[in-house]
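Below: one structure, written as structure tokens.
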Amino acid sequence: MTNLDEVRKRQWFYKFGLPDGTYTATYVPADVATIHDARLEMVRRVVRDTFGEDLSAVDAIDFACHQGWFTAKMLDDGVRSVRAVDIRPEHLDDAALITSVLGHDKPRTSFQRFDVDGVPNGEGIRGQVFFVPPAGLRRRPVSGA
């Protein structure tokens with residue numbers, strides 16, 4: 001079974017566009033899924049306002065990366081690298097699978113199991129762009145730089 005076959009047999013939280021023009025099957029209702037695109041556009045606006053159009057020197061960290069939606073989108077937008085971080089190994093597996101199917105090479109992506117809440121003040125976390133889950137999903141804010 002190919003990685004693309006593996007992607008196709010799963011239900012995803014996000015609607016990823018696949019290289020052959022099809023999309024992943026999602027378990028999120030269509031009217032709810034529109035929030036993903038809205039959030040993405042908000043993030044893109046801030047990233048572009050901060051770094052400009054050329055993102056080739058920008059390194060991003062995607063906290064609580066889930067299935068790699070923001071990881072893949074920022075790679076599509078041209079960031080130099082994304083470090084995808086999540087506490088759940090199955091989320092990291094999903095993110096690694098989808099980014100590989102989407103053609104993102106490993107030198108630009110890394111996946112790390114990491115409990116942000118277990119690290120005082122975000123020690124050891126370095127990057128220029130941070131994607132952090134909504135406050136309701138975290139026990140405390142990330143304050144490290």
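Coupling constants for region 79-96 follow from the phi torsions by the Karplus curve (6.51 cos²θ - 1.76 cosθ + 1.60, θ = phi - 60°), and in residue order they are 4, 5, 7, 9, 9, 8, 10, 7, 7, 9, x, 5, 5, 5, 4, 4, 4, 5 Hz; glycine and proline get x.
Spin-label pair LEU4-ASP31: with each label point 7 Å from Cα along the Cα-Cβ axis, the two points sit 3.5 nm from one another. Under the combined filter of DSSP loop state and at most 11 neighbouring Cβ atoms within 10 Å, region 1-110 retains these GluC sites (Glu not before Pro): GLU53.
R0 = 30 Å: FRET efficiency of THR22 with ASP93, Cβ-based, nearest 0.05? Using R0 = 30 Å, I get an efficiency of 0.90.
Just so you know, all these numbers are worked out from the coordinates, no wet-lab data involved. Note that this is a predicted model, so its numbers are computed, not measured. For neighbour counting, all protein chains shown are included, and Cβ atoms are generated from backbone atoms with ideal geometry for every residue, glycine included.
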